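The values are calculated or read from the model by the stated rules, or taken from the named source; none is laboratory data. Not measured: the values here are computed from a predicted model. Every residue, glycine among them, receives a Cβ derived from its backbone with ideal geometry; neighbour counts consider all protein chains shown.
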Amino acid sequence: MREDLKFVAVGHVDHGKSTLIGRLLYDTNSLPPDKMDEVRQMSEESDGEPEFAFVMDHLEEERRNRVTIDTAQIFFKTAKRHYVIIDAPGHKQFLKNMITGSTQAEAALLLVAAEEGLQEQTHRHAYMLALLGIKQLLVVVNKMDLVDFSRERFQQIKSDITKRLNEFELEPLMVIPIAARLGDNVARRSDKMDWYDGMTLLEGLDQLEPAPSAELGPLRFPVQDIYQSNGEKILVGRMVSGTIKPGQNIMFHPLGKTATVDYVKVFEGQKEKAVAGESIGLVLKEGGALQGLTRGQVACDTDQSPNVTNTITATVFWMSGEPLQKGEEIELKCATRQVLCKVKKIRDRMNSSSLEILAEDADQLRETEVAILTLKADDYVSMDPFELVQETGRFVLMRDTDTVAGGVVH
């Protein structure tokens, strides 16, 4: 049985990410037959060196037409497993997607161009990978053909990026020299870099481990809505962690009410149990337990409760051109819960690429900066450490309908 694994691809603009993705799709025969033929024809016409940008143009067209490619995900496969590449067009969109849960990466691929080396966005991407707890990391040093496949240049960049990642408490599983345009060390070993005795990129990807199933975590079922059907009230939502089944005693937070599950309802009927990732309906035995239950409550095991608080301290990455002000009222959204908060403190305001502390006690937070915020909410919120349950350990801050920041609870 083939596994599935999702990884995010990040890199500074023009470091060759689109070319690498096109090459991965081509080398794994994951393009439609007509596109494979087109690449082969282009390869013959250009002395074996096709330009893969058109492959990404094709994917962008499919995305616009909503045909087979999701807005943020690209698919390919090896003999071992299926892969999903989460293509991050920029650091803001990447963080927004990761924090809101629209993408879930189990690993990351970080590109650095051999000629240019580490750039500002390289540092920022590295910080965000650390912030989001992505520990499995492959680094590829691309465009080695532009530095004459120099071993010395590769070793210098390997040293620079490893040192930087170590500062974020990240350790790359491997650093691989490649020339994506030519295919060197992507699917086939390069004879131009015979000094490199490590794995190809595809071999390296096959060494990654899928994340442990959220099914094994504590029960977390954020209530999205409550419906009335045939005289029954049904709580609907998506399981984000753990398992739930009929007869199970549960507690709703932050309300603090307990109840017993009567049955688990899905479109096809009833289920013996539901696990993380499934969208379900819950019918409770005690009708009175529904009193006061609304969207935003979280069903949990009675002996594994989240943190229920109205004072939130978290690391926040600011994404808006208009700074966050100390004392400002802002909306916090965590899972299905939305509450107004007041910014009480902005501590350790930091440049996210250089890690320079700009102010220990700040009055504002500017675009692409990071700080530890203390927020006072108008009501109680159920949250977990991000490392325990991602869905209830992350949140976004919103002004009106604009997502202006992402945060994680540690």
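Residues in segment 371-396 that are assigned to a strand (DSSP E or B), modelled with pLDDT under 95 and either at positive phi or not basic (Lys, Arg) (or both): PHE395, VAL396. Residues in segment 107-114: is at least one outside any strand (DSSP E or B) and either modelled with pLDDT under 80 or within 27 Å of GLU209 (Cβ to Cβ) (or both)? Scanning segment 107-114 turns up no residue that is outside any strand (DSSP E or B) and either modelled with pLDDT under 80 or within 27 Å of GLU209 (Cβ to Cβ) (or both).
Residue check: THR336 meets all listed conditions (1) touching a Pro at 6+ places or on another chain (Cβ under 7 Å); (2) farther than 17 Å from VAL409 by Cα; (3) polar (S, T, N, Q) but one, namely (2). Filter segment 336-355 down to residues that are touching a strand residue (DSSP E or B) at 6+ places or on another chain (Cβ under 7 Å) and not in a strand (DSSP E or B) and give me whichever is surrounded by the most Cβ atoms within 10 Å (Cβ to Cβ). Among those residues, the one meeting the criterion is SER352.
In segment 356-370, the residue that is farthest from ASN310 (Cα to Cα) out of those that are assigned to a strand (DSSP E or B) and in contact (Cβ under 8 Å) with a residue 40 or more places away in the chain is GLU369.
Summed over segment 307-330, residues that are under 22 Å from the mean Cα position of the chain (by Cα) and not hydrophobic (A, V, I, L, M, F, W, C) total 3. Determine whether segment 287-298 contains at least one residue that is surrounded by fewer than 18 Cβ atoms within 10 Å (Cβ to Cβ), charged (D, E, K, R) and out of contact with any Ser or Thr (no Cβ under 8 Å at 6 or more places or on another chain). No, because not a single residue in segment 287-298 is surrounded by fewer than 18 Cβ atoms within 10 Å (Cβ to Cβ), charged (D, E, K, R) and out of contact with any Ser or Thr (no Cβ under 8 Å at 6 or more places or on another chain).
The number of residues in segment 320-335 that are in a loop (DSSP other than H, G, I, E, B) and over 30 Å from VAL236 (Cβ atoms) comes to 7. Meeting the requirement of 2 or more residues that are at pLDDT 70 or above, the helices (runs of 4 or more DSSP H) wholly within segment 2-91 are 17-27, 33-45.
Residues of segment 386-410 that are free of Cβ contacts under 8 Å to residues at least 60 places away in the same chain, surrounded by fewer than 16 Cβ atoms within 10 Å (Cβ to Cβ) and within 22 Å of the chain's Cα centre (by Cα): THR401 alone.
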